[in-house]
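The values are calculated or read from the model by the stated rules, or taken from the named source; none is laboratory data. From a predicted model like this one, the values you see are computed outputs, not experimental measurements. We place every Cβ from the backbone using ideal geometry, glycine too, and count neighbours over all the protein chains shown. Note: areas computed on protein heavy atoms with side chains; ligands, DNA, RNA excluded. Shrake-Rupley method; radii C 1.70, N 1.55, O 1.52, S 1.80 Å.
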Amino acid sequence: MSKPAYKRVLLKLSGEALMGDDPYGINRATIERTVADVAEVAKLGVELAIVIGGGNIFRGVAPGAQGMDRATADYMGMLATVMNALALADAMRHVGVTARVMSAIGIEQVVEPYVRPKALQYLEEGKVVVFAAGTGNPFFTTDTAAALRGSEVSAEIVLKATKVDGVYTADPKKDPNATLYHSISFDEAISKHLQVMDATAFALCRDQKLPIKVFSITKPGALMRVIMGEDEGTLVHV
Ligand code: UDP
């Protein structure tokens, strides 16, 4: 078998990657499928850091949070990511992968705090590190946390796992002629007004020359093909 294309990656999983077709929450079969894909990659010896979202449990800007103070709602969103991180680490334990959850907000009785050297140590030891609570700040997203932590741990690439299989010329749900970009530069994505990640996350990756791969986590074997450097999803490059 050929060698993986990367030694260390940052995988951004949105809350949706745990939700499946349920309206909210964690779907057992879905989390098991996601974790099976992650385990396969971890067992290849690829160092894997994960930023998990929380949209399946709580979204700060969602209708349910209307009327709430935005910062308070965002802290609730960050706590939701801690729940997802715990579920993810536990599901990984079931398949023989050791994971460590590190939180950007202090919640020490539950998970350890994010300490960069410790995270680097875990990655070197071959443990999967799950970064919880986003950036630890309201008004940000877990996409931005992915760009930030990816930069901090010197990941070679940010893998943005979504429900669609990459970046299209137009919304494929609305335009039947929309085609998938296999690769696109940051500058082209900006000039064509393509939404790859939120603006803050995108700008940080661009500044740090950290490429982004957008791919579908629901497509069987897609994560492995991305890791092996095969043509899968969309690569956003410098
Ligand atoms: N959030 C935040 N700061 C962060 C990351 C997340 O305030 O650095 C909050 C925000 O309310 C967000 C929620 O947590 O709506 C869940 O994160 P996100 O929407 O990024 O999750 P995903 O869509 O990836 O599941």
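Find the relative contact order for region 8-236 and round it to a whole percent, using C-alpha pairs within less than 8 Å whose residues are 6+ positions apart.
The value is 22 percent.
Pull out the extension gain between ARG28 and ALA170, defined as 0.36 nm times the separation in residues minus the alpha carbon to alpha carbon distance; nm, one decimal.
Here the answer is 47.8 nm.
What's the ranking of 57-65, 124-132 by average number of surrounding C-beta atoms within 10 Å, highest first?
Top to bottom by mean Cβ count within 10 Å: 124-132, 57-65.
Whose amide H sits under 5 Å from the amide H of GLY54, counting only residues 5 or more places off or on another chain, with H placed in the peptide plane?
GLY15
Report the accessible area of LYS192, computed with a 1.4 Å probe over the heavy atoms of all protein chains in place, in Å² rounded to the nearest 10.
Counting only protein heavy atoms, LYS192 exposes about 100 Å² to solvent.
Which ³J(HN,Hα) values, rounded to whole Hz and listed in residue order, are derived for region 50-56 from phi using the Karplus coefficients 6.51, -1.76 and 1.60 in 6.51 cos²θ - 1.76 cosθ + 1.60 with θ = phi - 60°, glycine and proline given as x?
Ordered by residue, 3J(HN,Hα) equals 10, 10, 9, x, x, x, 6 Hz.
Work through the residues other than VAL153 whose Cβ is under 9 Å from its Cβ and net out their charges, Lys, Arg +1 and Asp, Glu -1.
Summing Lys/Arg as +1 and Asp/Glu as -1 gives +1.
Test of understanding: in a Gaussian network model of the chain with alpha carbons linked when under 10 Å, which of MET68, MET83, MET197 would top the mean-square fluctuation ranking?
MET68
Dipole magnitude of the chain about its Cα centre, charges +1 at Lys/Arg Cβ and -1 at Asp/Glu Cβ only, in debye to the nearest 20?
Magnitude of the dipole: close to 220 debye.
Karplus couplings for region 177-186 from phi (6.51 cos²θ - 1.76 cosθ + 1.60, θ = phi - 60°), rounded to Hz, Gly and Pro as x?
8, 5, 10, 8, 7, 7, 7, 8, 7, 4
How many nm separate the modelled label positions at SER185 and SER154, each set 7 Å beyond the Cα in the direction of the Cβ?
According to this spin-label approximation, the distance is 2.7 nm.
Full extension from ALA62 to VAL95: what is 0.36 nm times the residue separation minus their Cα-Cα distance, to one decimal in nm?
Contour length minus Cα-Cα distance gives 8.5 nm.
Could you work out how far apart the two model spin labels at ASP21 and LYS192 are, taking each label as a point 7 Å from the Cα in the direction of the beta carbon, and quote it in nm?
3.1
Quick one: accessible area per residue over region 190-236, 1.4 Å probe, rounded to a whole number of Å²?
Per residue, region 190-236 has an accessible area of 46 Å².
Could you state the accessible area per residue of region 10-60 in Å², with a 1.4 Å probe and every protein chain left in place?
On the way: 2000 Å² over 51 residues.
Averaged over the residues of region 10-60, the accessible area is 39 Å².
Restricting to Cα pairs below 8 Å that are 6+ residues apart, what does the relative contact order work out to for region 95-222? Please round to a whole percent.
Here the relative contact order equals 24 percent.
Run the quick spin-label model on THR200 and VAL115: label points 7 Å from Cα toward the beta carbon, then report their separation in nm to one decimal.
Label at THR200, label at VAL115, 2.6 nm between them.
Lysine pairs in region 8-236 with alpha-carbon atoms under 18 Å apart, 8 or more places apart or on different chains: how many are there?
18
Return the long-range amide H neighbours of ARG100 (sequence gap of 5 or more, or a different chain), with a cut-off of under 5 Å between placed amide H atoms.
VAL128, VAL129, VAL130
Please turn the phi angles of region 2-10 into ³J(HN,Hα) values with the Karplus equation 6.51 cos²θ - 1.76 cosθ + 1.60 (θ = phi - 60°), one per residue in order, whole Hz, x for glycine and proline.
Ordered by residue, 3J(HN,Hα) equals 5, 8, x, 7, 10, 9, 9, 10, 10 Hz.
Taking all protein chains in place and a 1.4 Å probe, what share, in percent, of the accessible surface of region 90-180 do carbon and sulfur account for? Please report the intermediate quantities before stating the final value.
On the way: 2190 of 4350 Å².
Using a 1.4 Å probe with all protein chains present, region 90-180 comes out at 50 percent carbon and sulfur.
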